[in-house]
Amino acid sequence: MLLQEAARSRKQKRTIKQLHADLVALGYDGSYNRVAAFAREWKAARQREQQICGPRSARLRRHARSA
C-alpha cells in the first residue's frame, strides 16, 4: 500500500489518516499512531536506501524483487 502511494503524485497521495481508515475497513484493529509510526519509519528507510544506492539502483532492486 505504501509503495503504491509513494508512486503517486503529491496531490493524489492519500493521507495517513485515510490509509488508516482503509486498513480499518480491511479488518486492522491497530491504532492510528501505530500506522503513522510505521509510515514514518518506512519513509525514512526508503530515503536512506535512495541516498546510499541512488534512485536507479533502488528501482532495479524493486523490479527484481517483483519479478
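Each reported figure results from applying straightforward, stated rules to the coordinates on display, with no laboratory input. These figures come from a predicted structure and were not determined experimentally. Ideal geometry is used to build each Cβ from the backbone, glycine not excepted, and the neighbour counts take in all protein chains shown.
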For the pair GLN50 and ALA25, the simple spin-label estimate (label points 7 Å beyond Cα toward Cβ) gives in nm 2.7 nm
Show me the ranking of peptides 19-28, 44-53 by mean Cβ neighbours inside 10 Å, starting with the highest. 19-28, 44-53
